[in-house]
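Presented below is the structure to which this report refers.
Bear in mind these aren't lab numbers, they're just calculated from the coordinates by the rules spelled out. Source: prediction; values computed, not measured. Don't worry about glycine lacking a Cβ; one is built from the backbone with ideal geometry, like all the others, and counts go over all protein chains shown.
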Amino acid sequence: MIARRSYTSDWHVHCDQWGVDESAHVNRTRSKVASLALVAALVAPSASAHASWLGRKLNLDKLANTGIIVTAGFDYGVPGTPATGAADLGLIITPKGTAKRRTVAPFAALSGHLLGFGGSATSSPLKRYRGLEKNAAFVGRDHPVYGDRVQIPIVPGILQLAASRQGGLGISLSMIPLPFTLPGVFAYPWLRGSVSLYVIDPRLAKVATPMLDRVDKIVVKAKRLTRTAKVMWWKNVARPLRATAVRSARVRR
């Protein structure tokens, strides 16, 4: 049977061997612990007060209602030409909102444009950030991350500002040289880097929402005009041509 080692007895033996006053050593240890506890009790309220003061100065409470969307990726095609494409990886950090917690989610997007029209497909681990966006000129609709948005080119093909319903206000920068070079049509500036940053904040809605509302009115009018044009085309051109073709076919028979 293995005998258990007694650490208490070893402590007493060492104290006797080293000539240490055991009771004095214990008292000194207790006084040190009491002193540290007293210092902590005195410093903690002061540290808490300083942290609260710093938080008020930096408006950290207001930052709880602020989120960001950042992306980095590649653009392909010569800027300003009718055909371009892009591939991006991004991260969205939502404001805390009423849920008192942020949502952090990565996403990936592929997009393409031809003659001013195009779209993008977005994928993410979170289902609500998956979907398709439709683009016409500088207007995008139904993006799962940004929502409806309008992009305003400041320097065409290089710098643009954007306003979106879910992403607030943003800025995009393209034509960034890559750290590596590829041959042929994959060389710079055919293939170039791009980054973007959107800030989500309710205070920015005062700027973004009126702009998007005006864009929505323009889109609605454009849809009405397109629908009217289709009806006029069918009544005045397509239907008479079809009737003429049918009559010609019957006469030949």
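³J(HN,Hα) across the range 154-164 via Karplus (A = 6.51, B = -1.76, C = 1.60, θ = phi - 60°), whole Hz, x for Gly/Pro?
8, 10, x, x, 10, 10, 8, 9, 9, 10, 9
Is the shape of the range 178-252 rounded, prolate or oblate, going by the alpha carbon gyration tensor and its root eigenvalues a ≥ b ≥ c, with a/c under 1.5 for rounded and a/b larger than b/c for prolate? Walk me through the numbers before you get to the answer.
Numbers: a/c = 8.01, a/b = 1.63, b/c = 4.93.
Cα axes put the range 178-252 in the oblate bin.
Given points 7 Å out from each Cα along the Cα-Cβ axis, report the THR103 to THR209 separation in nanometres with one decimal.
Distance between the two pseudo-spin positions: 2.0 nm.
Can you pull the one-decimal nm distance between simple spin-label points at VAL246 and VAL220, each 7 Å off the Cα toward Cβ?
It is 3.7 nm.
What does the C-alpha gyration tensor say about the overall shape of the range 118-161? Classify as rounded when a/c is under 1.5, otherwise prolate if a/b is larger than b/c, or oblate.
Working: a/c = 2.63, a/b = 2.11, b/c = 1.24.
Verdict is prolate for the range 118-161.
Percent of alpha carbon pairs in the range 121-253 separated by more than 22 Å?
Summing the P(r) tail past 22 Å for the range 121-253 gives 59 percent.
Please report the equivalent ellipsoid semi-axes of the range 117-197, computed as sqrt(5 x eigenvalue) of the Cα gyration tensor, largest first, in whole Å.
Details: eigenvalues 124, 52, 29 Å².
Largest first, the range 117-197 gives 25, 16, 12 Å.
What FRET efficiency do you get for ARG128 and ALA238 if R0 is 45 Å and r is their Cβ-Cβ distance, rounded to the nearest 0.05?
0.60
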